[in-house]
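The structure appears below as structure tokens.
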Amino acid sequence: MKNIIKKERVGNIMVYHIDKIISNEKMDKLKGKKITPAMIHTIIDRDSDVYTADGKLLLKFRKDKLTMKNINLFYENVIDFAKHTSSNRGATSGSKKYDIIKNPKIMTNILGYFDIWGPSQKRAFKDRNIKLPLEVRETKFTSEFPENHKNIIPLIQNIDTLYKKYAPSYYEKQRKKANQTAFKIPNTAFTTITTNINFQTAIHKDVGDDIEGFGNLVVIEHGGEYTGAETCFPQYGIGVNVRTGDILFMDVHEWHANLPMIVTDSLSSEKTIRLSIVCYLRHNVWNRSKGKTKKYMLRHNKTIKKILND
């Protein structure tokens, strides 16, 4: 591949230095479009580090680093909720429509803390003549299923430990911010988790997360066999085949997307699940709640729950 400037083995790690194959101007026009295998020339399937031509870290991939006990516990406690559908992912789902009712419904959900009131929540405040409170809230999963939420934390803390090990300079900045708020996953650098099931993301850059942080991706697979679904950086023509137990750290502020997922076992096509997990620090959660104590957080969450449940 012509855009690989340098490729070398350092210990057990394959290190790539790569250049762009698509201009920034053209990538802007590709936003929201689905990628195809023809756009990706290299698929990584072993421990690797990838740097851009200017020396910036693009990704770090490590295989079999997560604890299966934590993986299974997370899956058992989140899978039913993760199957709920949403039509509010915009360009990430490949839609350019402004009416979310007409957007494709996909299995994508948010856990932990979020920073946007939904229409029904705003209406509840208005009906009770209550001024909009601090716009930081528990997600439905965290609020309504506290025991399940508690059981997913070991895997998130596992991811956090690996983040600190493999991307320490990014981790240090993000953890410093996370330590300033009580609205977070305990003992981690994360406030929020997004889960997707069998969802081919279109070309996008992540927004809303901490600009100083580094992204991550974990996958849990159940059911039949499949091919595809690799996480790719089309501007560089490179992708990563992330499977159960693996962890990918990546620059989510670069253009990225997934290749289509193709189930190869027709007998279990409806049961084949690829659950992807992304952990991050929501900028507005941190910015609005930094300095707030745990006591404040507990009181705030209790007040919001009471208002919305009355």
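Could you please let me know if Glu270 is under 23 Å from Ile43 (Cβ atoms), surrounded by fewer than 19 Cβ atoms within 10 Å (Cβ to Cβ) and modelled with pLDDT under 95?
So Glu270 does not fit the description; no.
Hey, can you tell me all the residues within the range 157-177 that are surrounded by 24 or more Cβ atoms within 10 Å (Cβ to Cβ) and either modelled with pLDDT under 95 or closer than 17 Å to Leu111 by Cα (or both)?
Correct list: Ile159 only.
Restricting to the range 120-156, and then to whatever is of a type in the set (S, T, N, Q) and part of a helix (DSSP H, G or I), can you tell me which residue is surrounded by the fewest Cβ atoms within 10 Å (Cβ to Cβ)?
Out of the qualifying residues, it is Ser120.
So Ile35 fits all but one of (1) buried (at least 18 other Cβ atoms within 10 Å of the Cβ); (2) in a strand (DSSP E or B); (3) touching a residue at least 60 places away in the same chain (Cβ under 8 Å); what number is the exception?
(2)
Among what's in the range 227-250 and is at negative phi and surrounded by fewer than 19 Cβ atoms within 10 Å (Cβ to Cβ), pick the residue that is modelled with the lowest pLDDT.
The qualifying residue modelled with the lowest pLDDT is Thr227.
Which of the residues belonging to the range 103-119 are farther than 13 Å from Asp209 by Cβ and part of a loop (DSSP other than H, G, I, E, B)?
Correct list: Asn103, Pro104, Lys105, Ile116, Trp117, Gly118.
Of the residues Asp80, Asp49, which is among the acidic types (Asp, Glu), modelled with pLDDT of 95 or more and over 20 Å from Tyr16 (Cβ atoms)?
One residue alone meets the criteria, Asp80.
Tell me, which strands (runs of 3 or more DSSP E) wholly within the range 223-310 include 2 or more residues that are in contact (Cβ under 8 Å) with a residue 60 or more places away in the chain and in contact with a Leu (Cβ under 9 Å, 6 or more places away or on another chain)?
The qualifying strands (runs of 3 or more DSSP E) are 231-233, 238-240, 247-250, 273-280.
Suppose we filter the range 205-222 for residues that are touching a residue at least 40 places away in the same chain (Cβ under 8 Å) and either surrounded by fewer than 20 Cβ atoms within 10 Å (Cβ to Cβ) or among the aliphatic types (A, V, I, L, M) (or both); how many remain?
Residues in the range 205-222 being touching a residue at least 40 places away in the same chain (Cβ under 8 Å) and either surrounded by fewer than 20 Cβ atoms within 10 Å (Cβ to Cβ) or among the aliphatic types (A, V, I, L, M) (or both): 11 in total.
The values are calculated or read from the model by the stated rules, or taken from the named source; none is laboratory data. Because the structure is a prediction, the values reported are computed rather than measured. Glycine also receives a Cβ, built like all others from the backbone with ideal geometry; neighbour counts cover every protein chain displayed.
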